[in-house]
Amino acid sequence: QSTRSACPSCGGPTLAPQGERALVLELAKKQILEGLHLTSRPRVTRPLPQAALARALRRLQPRSVAPGNQEEVISFATIVDKSTSTYRCMLTFQLSPLRSHHLYHARLWLHVSPSFPGSLYLRIFRCGTRNCRGSRTFLAEHRMTSSGWHALTLPSSGLRSEHSGVVKLQLDYRRPDPNSTVVPRPRRLLDTEGQLRPFLELKIRANEPGAGRARRR
Amino acid sequence: TPTCAPETPLCCRRDHYVDFQELGWRDWILQPEGYHLNYCSGQCPPHLAGSPGIAASFHSAVFSLLKANNPWPAGSSCCVPTARRPLSLLYLDHDGNVVKTDVPDMVVEACGCS
């Protein structure tokens, strides 16, 4: 407490400047965590490659987030598994925000490597949390005719995350000509490391309290 | 709204810029680098009651009520935010996803007497 005059608002003793600054910093932490509905600050265990982050942010819509309680999320594939089959690739994403939010827009960004063999059909399936052998849900089919980044729209209804927040996608390749069996190994098709890692671009909004119940007029 | 000078007794807006580096949070808050944590403080004597520094008609309505009822009301008027704006944040969540969101009413822009 400083010997300066009393607090202009409450008449109590005023804080010394460094005491006031420390209080302001604590207030700022509290205000930001409350504003983001977080109970504690996130611990960054897997720092993202800056180049991948910058590249991904450039892909987002240039405009700011739409007003209201809507958010945009970029989620990089945490596990890319190409060992299952030569025509197949598995992507795993951690999406706990989807547990408490309504997803209304989803796109999967894939980077096709320059050694691309002409046009190719890609089919995308949603798998159960553990694996794809049992149940998998067809999400979308896209035809790609060039290398580079491709934004593939997915049905948002197909990405409701399990309680664990894990979303597994399986990518199957086939050429337009059903007779041709020659398909280059997926490892030459998709770039999955570093700044060319696949990522999901999602738009979500907080669930209205009592969402889903008839709104009483 | 006047920005508070060190010894301003009347209702004003006290400005503080908080750099996220100072909080040790620049590893998970990607954008912006900081924000203005402003708050309202100061006295609201009767003749300032209802003067939010914006809507004079509200002030005159309250003032005439004060005169009509009694010159020294029991309750007192408080210095409160009268205009606030959202803060756009880009941050890493617990899963390492990048989230872009607008936090409503984060920055106090104007103060006034209730």
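The values are calculated or read from the model by the stated rules, or taken from the named source; none is laboratory data. Since the model is a prediction, treat every value here as computed from it, not as a measurement. Here the Cβ positions follow ideal geometry from the backbone for every residue, glycine too, while neighbour counts run over all protein chains shown.
Taking the stretch A:92-112 as the range and being among the polar types (S, T, N, Q) and either within 13 Å of the chain's Cα centre (by Cα) or closer than 20 Å to residue A:55 by Cα (or both) as the test, the residues that pass are A:92, A:94, A:96. Restricting to the stretch B:3-30, name every residue that is within 17 Å of residue A:33 (Cα to Cα), in contact (Cβ under 8 Å) with a residue 60 or more places away in the chain and in a strand (DSSP E or B). Result: B:29, B:30. Looking at the stretch A:108-217, the strands (runs of 3 or more DSSP E) lying wholly inside it that each contain 1 or more residues that are at pLDDT 85 or above and at positive phi sit at A:148-154. Each residue in the stretch B:75-114 was checked for being within 11 Å of chain A (Cβ to nearest Cβ) and of a type in the set (Lys, Arg), and 1 pass.
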